[in-house]
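The values are calculated or read from the model by the stated rules, or taken from the named source; none is laboratory data. Predicted, not measured: the structure shown is a model, and the values here were computed from it. Backbone-built Cβ (ideal geometry, glycine too); neighbour counts: all protein chains shown. These accessible areas exclude ligands, DNA and RNA; they are computed on the full protein's heavy atoms, side chains included. Shrake-Rupley method; radii C 1.70, N 1.55, O 1.52, S 1.80 Å.
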Amino acid sequence: MMTIESLAPEKCSSNEAAAPRLSASRRQKSEFPTKLYAILELADTVPEFSQAVTWLPHGRAFRVLDKDTFMKEVVPLFFNQTKIRSFSRQLHLWGFRR
């Protein structure tokens, strides 16, 4: 299992607010937190997602329960990444920590 926690939740909201002023390539990169949030919200309603990833009870972090299912079934619907290491690196770049 992998537990991820945000270091600076306000970072996501400030980037989302600035997105319209960014170039197309920068805006595409700033979509990561939005897509991640969509995955986590769907995990509450879609059984296949909830078996792979879930929010922790306090709501400040999430846990990947099944890395294989997460990377094969969930992530391809939102991202072009196929390796958990790449996904973890992207999380780290956005200020999330293990």
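Cβ separations smaller than 8 Å between residues 6+ apart or across chains give the following pairs from segment 63-75 residues that are of a type in the set (F, W, Y) to residues that are surrounded by 15 or more Cβ atoms within 10 Å (Cβ to Cβ): F70/A52; F70/V53; F70/V64; F70/I84.
Among the residues in segment 56-65, are any part of a helix (DSSP H, G or I), open to solvent by 70 Å² or more (accessible area, probe 1.4 Å) and either of a type in the set (D, E) or modelled with pLDDT under 95 (or both)? Scanning segment 56-65, I find no residue that is part of a helix (DSSP H, G or I), open to solvent by 70 Å² or more (accessible area, probe 1.4 Å) and either of a type in the set (D, E) or modelled with pLDDT under 95 (or both), so the answer is no. When segment 39-55 is filtered for residues that are of a type in the set (A, V, I, L, M) and either outside any loop (DSSP other than H, G, I, E, B) or in contact (Cβ under 8 Å) with a residue 24 or more places away in the chain (or both), the ones remaining, listed by number, are I39, L40, L42, A43, V53.
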